[in-house]
1. At a probe radius of 1.4 Å, what is the per-residue accessible area of VAL397, in Å² to the nearest 10?
2. What's the FRET efficiency of ALA388 with THR160 using the Cβ-Cβ distance as r and R₀ = 35 Å, to the nearest 0.05?
3. Using 11 Å as the cut-off for backbone N distance, which residues of the stretch 288-307 belong to the label zone defined by a point 7 Å from the Cα of THR153 along Cα→Cβ?
4. Between VAL301 and ALA269, what is the label-to-label distance in nm when each label sits 7 Å out along the Cα-to-Cβ direction?
5. Compute the FRET efficiency between SER67 and SER542 as 1/(1 + (r/R0)^6), taking r as their Cβ-Cβ distance and R0 = 56 Å, and round to the nearest 0.05.
6. Can you tell me how much longer the chain between GLN495 and ALA465 gets when fully stretched, taken as 0.36 nm per residue apart minus their C-alpha distance, in nm with one decimal?
7. Quick one: with all protein chains in place, what share of the accessible area of the stretch 56-117 is carbon or sulfur, to the nearest percent (1.4 Å probe)?
8. Starting from the Cα of ASP502, step 7 Å toward the Cβ, then list every residue of the stretch 437-464 with an amide N under 14 Å from that point.
Amino acid sequence: MACLVVVLVFASLPQDLRAAPPFQDTPIPDAAITALDFSIMRAGLFAGQASTSVTGEAGPGISPRYSFPGLAGQSVTIVLNSQGNAANFRLSGASDGIVYKDFSDPSLNYSRVLPAGQTYIITVASPTTVAFYMEVTLGDPGTPTPISPTRITFMPGQTTATESGNFAPGQSLQYVFAGGAGQSVTVSITSPGNTANFSLQGVTDGILYKSDSAAPREVTFPSSIAQDYLIGVVAPAATSYILQVTLPGALPPTPAPERITFMPGQSVAVVNGALQPGVNKQYIFAAAAGQNIRILLASLVAGAATFGLQGASDGVVYKQPADPQNEWSFVVPVSQDYVITLVSTTNTTYTLELTIPIPQPITVTPAPTIPVGCTTDTIFNGDFSNNAFWIFGDSPVPAAYIGTMFHSPPRSVRLGVDPDLGVVPQLPSFSSIRQTFQIPPSASTAQLRWWRYYRTEEAPTNAPAPGQDQQQVVILKPDNSTVRVLRSTRQNDPQWVEEVVDLTTFIGRPLQIYFNAFNDTNGLRTWQFLDDVSIVVCYPPSTPTPSITLYANPQPVVEFQSLVTLAPPITTTTAPAENVAPNAAEAGPKDEPTVVLVLPPMSTSGSQRSSQGGLNIVPALQVIGILLGILGLIAVTALG
């Protein structure tokens with residue numbers, strides 16, 4: 001029913017308004033909810049489990065929402081990672097309206113048994129704009145689902161690590177950490193009313209160092225061997241808790257990551273080594289947004305080694321070491337370095353294989369020739385070389401920078417649903433970018449130019465119906481209302497093509513340029529790549545400064561600059577420059593030079609030049625010029 005409402009509202013809008021998407025900064029009921037897809041089963045799950053993951057952006061006014069169907073008695077685990085752990089999430093029931101976990105709960109690794117069969121809503125929010133990665137795992141209804149322990153790690157030089165969360169009846173909350181031989185280990189737990197307790201057991205030696213029925217909420221003991229220790233959290237009723245692990249004389253800091261590089265033409269790199277409990281090994285590699293990477297880890301002791309993946313710049317944890325799958329792929333969301341951390345529960349050797357598809361060869365396209373007197377600085381960052389100036393629309397499948405597909409390096413923007421994303425839209429989806437611009441009022445002409453690469457799985461058409469897949473270019477007002485639809489098409493043209501549209505009629509107006517790829521829900525996807533966006537603005541030619549020229553025969557030419565253009569002049573004696581005295585009769589005595597004041601004829605308009613390049617002068621100025629000429633003639637005659 002929710003989808004029907006969306007379609008009816010969409011169809012009721014005028015066609016020109018339907019071309020411009022709503023730019024919501026807050027969640028919209030139903031329409032803003034993305035259904036999580038559990039159809040692709042990943043490796044490493046327990047029997048009956050289903051898991052999926054999503055990436056996105058949250059911040060002030062940006063709170064993406066996701067839905068999943070849950071059954072009574074089914075367990076769910078939600079793990080959220082973001083830069084600086086700034087993002088948090090809320091879990092609520094769509095039918096009963098109950099909030100099962102709110103933003104006030106700081107737990108980012110949350111598990112519970114679902115109380116009723118209904119759709120559940122996850123809302124992600126953050127006080128600052130950050131990228132996030134969220135993983136949701138559903139268990140087999142009616143059967144307790146084993147939950148992978150959360151690994152507690154220590155930063156270099158750190159001696160105490162803290163974990164917090166909420167316990168619900170029926171949960172199995174477990175943590176694991178590595179202790180070195182001879183280290184003093186302290187584990188403690190606090191909770192309201194001191195109701196939460198924990199058990200502690202060695203993974204290798206099997207010794208139970210503390211049972212969950214023992215009264216003390218803190219235990220200290222020496223670690224006799226290097227091994228992992230398993231903590232199990234229990235409570236008689238729902239409660240929050242804070243768990244702390246202290247290791248004085250911490251393990252040696254992890255060495256600097258070893259960089260993985262690729263030889264020219266190589267897409268697969270392999271490294272080998274040895275691991276021991278509590279001593280991590282890190283590798284670092286560079287990847288561009290849009291690349292689909294694959295990581296495969298194999299160890300001599302089967303299942304002993306696992307790995308995590310974290311962005312070096314954004315700080316987002318894309319895969320936890322506690323995730324048991326050792327063959328893992330994902331689409332790179334941000335161009336940056338990525339750090340792989342290897343951990344092991346026992347001494348073992350390993351082989352790590354990293355696959356990154358070879359990017360397309362960089363072909364430098366000559367820049368278009370810009371006419372003299374024209375500029376291209378009205379649009380900023382038109383080549384998408386940085387992350388500034390463009391505004392990305394908030395949608396289930398947002399646009400993204402792509403480093404493997406471009407018209408000119410280093411990257412372009414992908415709009416729409418590329419099949420490489422592995423996504424099929426469940427709701428109508430915009431995927432757009434836009435930028436504010438204003439063509440200077442002094443301009444004479446303006447052109448919008450851009451390079452596009454169209455793709456679609458649907459039948460191509462130059463006139464897609466409203467609500468169908470389409471690739472769009474639209475001029476918007478600052479309030480996001482539509483001014484003109486420049487392009488609305490659906491094409492499968494896998495080559496870079498330059499488009500040019502005249503924008504002269506928009507000179508002087510504050511506007512927005514908007515690019516979009518719209519997808520409906522029929523399962524066939526449409527997308528495009530965009531690069532090298534510019535507005536070529538041309539100006540009228542500059543006007544030379546007019547002048548008054550006095551000619552004297554046989555004296556040299558004297559030129560005076562004029563700063564005014566006024567009324568038509570009074571006609572005075574004129575003579576062509578190449579023949580000041582046309583004949584001897586008119587020239588007078590040969591020993592008397594003739595001075596002629598030349599005032600070129602003017603147009604009748606006081607602000608226009610004449611065809612000879614002269615200018616208009618008020619009669620008073622002309623009289624002064626004539627008098628000066630007469631005085632000069634008298635002076636020359638007297639000297640002669």
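1. My reading of the accessible area for VAL397 is about 10 Å².
2. On the way: r = 40 Å, r/R0 = 1.14.
Taking R0 as 35 Å, the efficiency between ALA388 and THR160 is 0.30.
3. Counting only backbone N, you get 307.
4. 2.8 nm
5. Result of the calculation: an efficiency of 0.35.
6. Full extension from GLN495 to ALA465 adds 8.4 nm.
7. 52 percent
8. The answer is 444-448, whose backbone nitrogens lie closer than 14 Å to the label point.
The values are calculated or read from the model by the stated rules, or taken from the named source; none is laboratory data. In this text the structure is predicted, and so the values were computed from the model without any measurement. Glycine gets a Cβ as well: all are built from the backbone with ideal geometry, and neighbour counts include every protein chain shown. Heavy atoms of the whole protein, side chains included, go into the accessibility calculation; ligands, DNA and RNA do not. Shrake-Rupley method; radii C 1.70, N 1.55, O 1.52, S 1.80 Å.
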